[in-house]
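Only one structure is covered here, and it is reproduced in the block below.
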Amino acid sequence: MKTHSILVVLLLASAISQSGCTTESQSKNPQKENAQPTIPVEAETVKRGDVAAYYHGTASLEARDEATAMSEVGGFITGVFVEEGDFVKQGDLLAQIDREPYEIELARVEASLNRLQNEFERNKTMFERNLVSAEVFENVKFELEVQKANLDLAKRNLDQTSIRAPISGVVAARFIKAGNRIAPNQAAFDVIQMNPLLAVLHVPEHEIGKIRPGQRVSLNMDARSAEIFTGKVERVSPVIDRATGTAKVTVLVNDATGVLKPGMFARVSIVHSLNKNTLIIPRQAIMSEDGRMSAYVIQDSIAVRKRLTTGFTNGNYIEVLDGVSEGEQVVTVGQASLRDTSRIEVIHLN
């Protein structure tokens with residue numbers, strides 16, 4: 001009987017012990033169920049760099065130097081020696097006007113000049129001997145000087161029968177054909193220089209104060225979208241157009257490759273401010289809500305959302321004026337799954 005009582009006590013003790021263990025085990029399970037999950041994210045370190053502010057606009061390219069080849073004399077075209085697209089140097093022969101009428105005129109003037117020269121020498125001798133009056137001698141002298149001027153003009157007219165390139169460049173247009181008659185001062189060719197070119201844009205008056213000569217410019221052409229060309233602001237008009245509220249800005253574009261052409265459409269970015277060695281973070285790290293900028297900063301594997309004050313944006317990076325420190329990590333991918341103080345695991349750090 002005594003032995004039976006001891007066994008009952010042991011069983012009860014065992015039952016109580018198992019009950020306590022079961023209760024303890026059950027009490028721990030809710031904690032595991034309520035444990036905060038770890039969210040995988042990508043992050044990048046806050047660093048320093050240079051960031052610029054740009055004015056963006058559009059422009060069309062045009063030649064800086066352009067000239068029209070013409071002649072001061074008229075006549076029939078006997079030869080055309082260049083075509084559109086040909087490169088010419090200043091002074092190259094482009095076309096020829098019939099020389100014969102001007103050669104005949106030059107010969108006539110020379111003959112008349114020789115006659116007047118002889119007459120002048122004779123009258124000079126006679127004047128020195130008081131055989132002719134001063135008036136007669138001065139008239140002969142005047143006629144001689146006039147004929148000398150006519151000789152210079154005849155030589156010039158003969159020279160003008162050769163139509164030559166006024167500047168070095170490319171023949172952009174040809175207006176004459178062999179056999180046609182050209183009038184004095186009629187345009188024969190347009191010659192333009194392909195490098196450098198000008199990009200002309202019109203900047204709104206509230207932006208014009210940021211633009212100054214010498215500022216760096218980058219240009220992207222619709223026709224050459226994979227390439228970036230560079231230039232600089234050459235001049236800024238001091239006058240605002242009343243009709244448009246804009247000012248004319250001229251950009252000088254250098255292109256040694258020769259791929260740019262006058263008339264091309266360009267998208268222009270002018271660097272008007274540059275902050276050096278400033279804090280920058282990737283643009284994809286930024287979250288915007290009601291105009292307020294913020295980012296998740298990683299602290300001991302916890303994502304802490306911080307309010308940011310931002311500055312210039314430069315490509316894929318944005319300047320941060322306040323809110324983060326150099327060397328901190330900001331979440332760049334995975335923000336949508338986070339809330340303030342979420343536990344995270346960085347799976348990729350640039």
Quiz prompt | Top-ranked residue in the stretch 322-341 [being of a type in the set (Val, Ile, Thr) and assigned to a strand (DSSP E or B); ranked as farthest from PRO40 (Cα to Cα)] | solution = VAL330
Quiz item: Just checking, how many residues over the stretch 272-321 are free of Cβ contacts under 8 Å to residues at least 40 places away in the same chain, in a strand (DSSP E or B) and more than 17 Å from ARG48 (Cβ to Cβ)?
Solution: 10
Practice problem: Scan the stretch 175-201 for residues that are out of contact with any Gly (no Cβ under 9 Å at 6 or more places or on another chain), in contact (Cβ under 8 Å) with a residue 24 or more places away in the chain and within 22 Å of GLU83 (Cβ to Cβ) and report the count. | Solution: 8
Quiz item: Which residues, taken from the stretch 306-332, are modelled with pLDDT of 90 or more, of a type in the set (A, V, I, L, M, F, W, C), surrounded by 15 or more Cβ atoms within 10 Å (Cβ to Cβ) and under 34 Å from the mean Cα position of the chain (by Cα)?
Solution: LEU308, ILE318, VAL320
Self-check item: Residue in the stretch 202-210 that is outside the structural domain of SER237 (by TED's automatic domain parsing), buried (at least 17 other Cβ atoms within 10 Å of the Cβ), β-branched (Val, Ile, Thr) and touching a residue at least 12 places away in the same chain (Cβ under 8 Å) present
Solution: no
Quiz item: Quick one: is ILE344 in a strand (DSSP E or B) and more than 30 Å from GLU205 (Cβ to Cβ)?
Solution: yes
Exercise. Inspect all residues belonging to the stretch 161-169 and state whether any of them is exposed (fewer than 15 other Cβ atoms within 10 Å of the Cβ) and of a type in the set (D, E, K, R).
Key: no
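Taking the conditions exactly as written (of a type outside the set (S, T, N, Q) and over 49 Å from the mean Cα position of the chain (by Cα)), does GLU119 satisfy them or not?
On the way: of a type outside the set (S, T, N, Q): yes; over 49 Å from the mean Cα position of the chain (by Cα): yes.
Against the criterion (of a type outside the set (S, T, N, Q) and over 49 Å from the mean Cα position of the chain (by Cα)), GLU119 qualifies.
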Self-check item: All positions within the stretch 74-95 that are under 13 Å from GLN160 (Cα atoms) and crowded, with 18+ Cβ neighbours inside 10 Å
Solution: GLY75, ILE77, LEU94, ALA95
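Tell me which residues, restricted to the stretch 234-249, are without any contact (Cβ under 8 Å) to a residue 24 or more places away in the chain, outside any strand (DSSP E or B) and closer than 22 Å to GLN215 by Cα. Outline the logic, then answer.
Of the stretch 234-249, the ones without any contact (Cβ under 8 Å) to a residue 24 or more places away in the chain are 235, 237-239, 242-243.
From what is left, the residues that are outside any strand (DSSP E or B) are 237-239, 242-243.
Answer for the stretch 234-249, where residues must be without any contact (Cβ under 8 Å) to a residue 24 or more places away in the chain, outside any strand (DSSP E or B) and closer than 22 Å to GLN215 by Cα: SER237, PRO238, VAL239.
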Quiz item: Can you pull out the residues in the stretch 175-216 that are charged (D, E, K, R) and either outside any loop (DSSP other than H, G, I, E, B) or over 32 Å from the mean Cα position of the chain (by Cα) (or both)?
Solution: LYS177, ARG181, ASP190, LYS210, ARG216
Quiz prompt | Number of the condition not met by GLY231 [criteria: (1) over 14 Å from the mean Cα position of the chain (by Cα); (2) small (Gly, Ala, Ser); (3) farther than 14 Å from THR68 by Cα; (4) assigned to a strand (DSSP E or B)] | solution = (1)
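The values are calculated or read from the model by the stated rules, or taken from the named source; none is laboratory data. Everything numeric here is computed off the predicted structure, so don't read it as measured data. Ideal geometry is used to build each Cβ from the backbone, glycine not excepted, and the neighbour counts take in all protein chains shown.
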